[in-house]
Amino acid sequence: MKTKFLHHPLLAFVGLTGAFLLAASLTAPAQNPSAPVRVYPPAPGEPLSTQFVVKAEDQTVPVYLATVIAMNAQRRERTDLQHFEDGDLGQTSFASFDLRGDAHVTVTCPGPINSIKLLPTSCGIVPQVTGNNVTFTLSKPGQFVLEVNGNTVQCLQIFANPWDADAPNPNDPNVIYYGPGLHKVHNVKVGSGKTVYIAGDAVVYGTPSGPIFILHGDNITLRGRGIIDGSICPHPVSPLIASTGNNISLEGVVLRDSGAWTMPLTACNHVTVKNIKIFGYRGNSDGIDVNDTQNVDISDCYIRTNDDLIVVKTQILGRGESRHITAEHCVLWNELAHALSIGAEIRQPVSDVVFSDCDIIHDMGREWLLRVYHTDSATVSNVTFRDIRIEECRRLISLWIGGAIWSKDKERGHIDNITFQNINSPAPSRQSSPVELVGFDADHAIHDVKFDHVVVGGQPLKASDVKQNPFAYGITLTP
């Protein structure tokens, strides 16, 4: 076995290695004030994809690279997630631009096109193929995946961002500004009242070890259209952004190749996460982990990682509950574990969580897509999975209470009042029952689970589709 990292950072970095770039000339390039598209130049020195040429409104869009899992289902079942063999990893492409109106997009592919798919299907866009060109029109921001000839590794992710109309002044003493080029930083500490801005033509590489950006305080913003990369940080100790505090906003950037949880929110209150794009292939490279945190709004994100995508936990006693959390309008690619989940670590209550209006475009994992996985002693209550469109599924829904390697508490907990509403999924490919409900015992049970218009394989969910043990009570199905 040997470890391979396909995306190697350059040995030389352009620009400052500290936190600040103060030249006013580093703001976004001048644009036609009425143009529907803003394209940022390629980050000087950053390797680009040769797989696709992308134009939006006749402007050439840089196409970047990210390492992703390429192993088959059998390898995914048994891999230790830290050591990879030849063929386990591949490189995918992504292009990013700002959009404020209709934009005609042309993608030139390297060879003949036998089949084409633009995901999520719910976007309703039907591409046109002429020779080796694919064309379509985008009328609003969003995250899209173009798959050519069924290739899910060497595909193209297209990120049409909302217009970034108010980039901060690089000379503002409260702004940590990264302009064009490559930057090498180490544990950037961001305190109260500060804004970190990653320009659209910037790539920030973190150096070993620990989080690249440490947001600790109140009224903190990290945003932009650039890339934060963890490829030279060790596994498994280096998140890309670690946040603790009140009134924190994270928006717009691409997060690539974390050595651990990509973006943990820990002991926070009032957090907004919007239009974040995440790629992770290393083991434990969760997307967004909400830990002991309240009042969180996650929306319009794209997540493709080798572990949980969006997950809510309460790990540390005394640090607080997790409650009032929403995750909506996200496009999710499940490479290994859970797409939308609670757990495993639940040592203090988790309540009032809503996952809604999300597209799960691929499920290549070995766990359940929608899950409450409870291995500790607290109560999980008032959780809703609503308006979830699933395009590929291996395992669908699980509510589970029991002991596991993640358990910290001797006592087991409870799961109460869980709703699955307007879920549409193909039939799971991995097991016969789309749903499992497993309580621990009569005193540590699952209560009041509602299935309202859950469709599996084109048919309404039936009672016979729900596999449950004796410790799951109050189960209702509405066709």
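Counting only strands (runs of 3 or more DSSP E) that sit wholly inside the stretch 47-130, those with at least 1 residues that are over 30 Å from Gly283 (Cβ atoms) and of a type in the set (A, V, I, L, M) are 53-56, 59-61, 89-99, 103-108, 116-119, 128-130.
Please enumerate the residues belonging to the stretch 340-356 that are farther than 17 Å from Ile418 by Cα and part of a strand (DSSP E or B).
Step one: of the stretch 340-356, the residues farther than 17 Å from Ile418 by Cα are 345, 347-348.
The answer is Glu345, and nothing else.
For the stretch 60-77, filtering for residues that are surrounded by 15 or more Cβ atoms within 10 Å (Cβ to Cβ) and either in contact with a Lys or Arg (Cβ under 7 Å, 6 or more places away or on another chain) or not aromatic (Phe, Trp, Tyr) (or both) leaves 11. Taking the stretch 360-377 as the range and being within 19 Å of Val456 (Cβ to Cβ), buried (at least 24 other Cβ atoms within 10 Å of the Cβ) and acidic (Asp, Glu) as the test, only Asp363 passes. Considering the conditions (1) part of a loop (DSSP other than H, G, I, E, B); (2) surrounded by fewer than 24 Cβ atoms within 10 Å (Cβ to Cβ), His324 is excluded by exactly one of them, (1).
Scoring Val190 on the criteria (1) crowded, with 21+ Cβ neighbours inside 10 Å; (2) more than 24 Å from the chain's Cα centre (by Cα) leaves a single failure, condition (2).
Which one of these is crowded, with 18+ Cβ neighbours inside 10 Å and small (Gly, Ala, Ser): Gly142, Gly150, Gly124? Exactly one of Gly142, Gly150, Gly124 is crowded, with 18+ Cβ neighbours inside 10 Å and small (Gly, Ala, Ser), namely Gly142. In the stretch 172-200, the residues that are over 20 Å from Asn246 (Cα atoms) reach residues that are assigned to a strand (DSSP E or B) and of a type in the set (Ser, Thr, Tyr) with C-beta atoms within less than 6 angstrom, at least six apart or across chains, in these pairs: Tyr177/Tyr197; Lys184/Tyr205; Ile198/Tyr178.
Of all residues in the stretch 426-470, those satisfying the criterion of being among the charged types (D, E, K, R) and within 26 Å of the chain's Cα centre (by Cα) are Arg430, Glu436.
Figure legend. Inter-residue proximity from the stretch 420-440: first residues within 23 Å of Asp357 (Cβ to Cβ) and assigned by TED's automatic domain parsing to the domain that holds Val353, second residues among the acidic types (Asp, Glu) and in a loop (DSSP other than H, G, I, E, B), beta-carbon distance below 7 Å, spacing 6+ or different chains. Indicated pairs: Pro426/Glu392.
The values are calculated or read from the model by the stated rules, or taken from the named source; none is laboratory data. Small disclaimer: the values here were computed from a predicted structure and weren't measured. Here the Cβ is made from the backbone with ideal geometry for all residues, glycine too, and neighbour counts use every protein chain on show.
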